[in-house]
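Participant: Let me give you the structure first, and then I'll get to my questions.
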Amino acid sequence: MNSKYKYEMTKEEDVKYGWVNNCNAKVRKQTPVFSGVLKYFPDAIREIAQCSFIGQQQHNPDKPLAWDRSKSGDELDALTRHLLDAGTMDTDGVRHSTKVAWRALANLQKELENAKKEKL
């Protein structure tokens, strides 16, 4: 630990609380979530958010919005199925390309979580 005032996370806490609590200001500045992602793709991000809501209504309409991972295990297969129909709308009114993006984010999230767990 560099300073007596800096809290050093355990590996378990790092997995639980994520990278932002365990990195310095320089690293955070080099991760421009708003200006480097949200400002680039505002319409796409909104579409993905709507896709999440519509999926929630389809799979768990009586529960608060949450990613039900028990119903979301084949990210790459689902992504590919939607990719085959990219440029068209699915029967629920959501673009297949939107579902490709959602599944790509879901897959990446799981990969990152698994990489963190491997550190333990």
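Participant: If you plug each phi of the range 86-99 into the Karplus form 6.51 cos²θ - 1.76 cosθ + 1.60 with θ = phi - 60°, what whole-Hz ³J(HN,Hα) values come out, in order, with x for Gly and Pro?
Facilitator: With the stated coefficients, the range 86-99 comes to 3, x, 10, 9, 7, 5, 8, x, 9, 4, 4, 5, 5, 5 Hz.
Participant: While we're looking at this one, here's another question. List every residue whose amide H lies under 5 Å from the amide H of Arg95, counting only residues 5 or more places away in sequence or on a different chain, with H placed 1.01 Å from N in the peptide plane.
Facilitator: Placed amide hydrogens put Asp90 under 5 Å from Arg95.
Participant: Rolling a 1.4 angstrom probe over the protein chains, ignoring ligands and nucleic acids, what is the accessible area of Lys26 in square angstrom, nearest 10?
Facilitator: 140 Å²
Participant: Before anything else, pin down the relative contact order of the range 54-100: Cα pairs under 8 Å, at least 6 apart, normalised by residue count, whole percent.
Facilitator: 26 percent
Participant: Still on this model: Under a crude label model (7 Å from the Cα following the beta-carbon direction), how far is Cys23 from Ala86 in nanometres?
Facilitator: Going from the Cys23 label point to the Ala86 one covers 2.7 nm.
The values are calculated or read from the model by the stated rules, or taken from the named source; none is laboratory data. Fair warning: this is a prediction, and the values are worked out from it, not measured in the lab. Here the Cβ is made from the backbone with ideal geometry for all residues, glycine too, and neighbour counts use every protein chain on show. Keep in mind that these areas ignore ligands, DNA and RNA; they rest on the heavy atoms of the full protein, side chains included. Shrake-Rupley method; radii C 1.70, N 1.55, O 1.52, S 1.80 Å.
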